[in-house]
1. Residues to consider are GLU33, GLU45, GLU49; find the one that is among the charged types (D, E, K, R) and surrounded by 13 or more Cβ atoms within 10 Å (Cβ to Cβ).
2. Considering only residues of segment 69-87 that are of a type outside the set (A, V, I, L, M, F, W, C) and under 30 Å from LYS139 (Cβ atoms), which is modelled with the lowest pLDDT?
3. Would you point out which residue out of ASP104, ASP72, ASP89 is more than 28 Å from GLU158 (Cα to Cα) and touching a residue at least 60 places away in the same chain (Cβ under 8 Å)?
4. When the residues of segment 128-141 are filtered to those that are touching an Asp or Glu at 6+ places or on another chain (Cβ under 9 Å) and touching a residue at least 40 places away in the same chain (Cβ under 8 Å), which remaining residue is surrounded by the most Cβ atoms within 10 Å (Cβ to Cβ)?
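The values are calculated or read from the model by the stated rules, or taken from the named source; none is laboratory data. These figures come from a predicted structure and were not determined experimentally. In this analysis, Cβ positions are derived from the backbone assuming ideal geometry, glycine residues included, and neighbour counts consider all displayed protein chains.
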Amino acid sequence: MTSYVLALDQGTTSTRAILFRADTSIAAVAQQEFPQHFPADGEVEHEPEDLWATAVETCRGAMREAGATARDIVSIGITNQRETTLLWDRATGRPLHRAIVWQDRRTADLCARLREAGHEKLFAAKTGLVLDPYFSGTKLAWLLNRAPDVAERAARGELMAYRHGFRVSELVDLRWDQIDFDRGTLAVRRAKRGTPSTHPIMGDELRALRKLQREQEPKSPFR
């Protein structure tokens with residue numbers, strides 16, 4: 001029986017599946033493009049079903065080409081769009097909105113206001129990242145503000161976020177912290193230990209961040 005390693009590359013404009021033999025030679029390749037959506041200037045979105053369907057279909061296509069079955073695959077490696085961000089219902093698996101692509105700039109104004117308000121060092125200390133729309137944090141904030149009940153559902157653990165598979169109510173994967181705007185704390189959950197803790201945040205910082213978050217107006221409706 002021939003064994004294969006399946007590589008799945010879920011990219012920005014297409015999805016590609018490659019089957020490798022044990023000697024690293026390529027046994028089969030399948031690729032499918034999917035549509036890009038531009039609801040407004042600077043905004044880029046993907047239909048979640050397109051991402052899923054092309055992933056499934058390219059994997060099946062590569063297996064058909066190589067004459068392989070699922071039992072022949074000993075390992076799967078996945079690379080994806082990283083900062084592209086998606087929310088879906090934990091119970092039904094249905095997305096709440098199109099995926100916001102890493103190229104999207106809709107939260108540029110929010111990032112600029114946070115920088116102007118002097119919060120860049122706070123975010124760098126908590127996340128290790130610069131304040132930029134490329135990263136998933138402000139994309140998640142945008143998604144959580146799209147409808148009245150979304151943030152509440154996230155806090156109850158009813159939603160999932162695409163990026164590292166973490167619960168939206170935790171908002172951390174070793175580096176990310178959750179800012180609790182209502183309680184005035186930074187709620188930290190270490191992914192390795194799974195132990196929650198809270199840390200006070202200065203009142204002035206909290207009020208400024210909360211004001212900036214609430215001032216951001218929706219730019220596209222839920223679908």
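1. Values: GLU33 fails: surrounded by 13 or more Cβ atoms within 10 Å (Cβ to Cβ); GLU49 fails: surrounded by 13 or more Cβ atoms within 10 Å (Cβ to Cβ).
After applying the criteria, what remains is GLU45.
2. Restricting attention to segment 69-87, the residues satisfying the condition of being of a type outside the set (A, V, I, L, M, F, W, C) are 69, 71-72, 75, 77, 79-85.
So of that shortlist, the ones also under 30 Å from LYS139 (Cβ atoms) come out as 77, 79-85.
Details: GLY77: 92, THR79: 90, ASN80: 88, GLN81: 86, ARG82: 82, GLU83: 89, THR84: 92, THR85: 91.
The residue in question is ARG82.
3. On the way: ASP104 fails: more than 28 Å from GLU158 (Cα to Cα); ASP89 fails: more than 28 Å from GLU158 (Cα to Cα).
Testing whether each residue is more than 28 Å from GLU158 (Cα to Cα) and touching a residue at least 60 places away in the same chain (Cβ under 8 Å) leaves just ASP72.
4. Keep residues of segment 128-141 that are touching an Asp or Glu at 6+ places or on another chain (Cβ under 9 Å), which gives 130-131, 133-136, 138-139.
Restricting the remaining residues to those that are touching a residue at least 40 places away in the same chain (Cβ under 8 Å) gives 134-136, 139.
On the way: TYR134: 17, PHE135: 21, SER136: 23, LYS139: 25.
Only one residue tops the list, namely LYS139.
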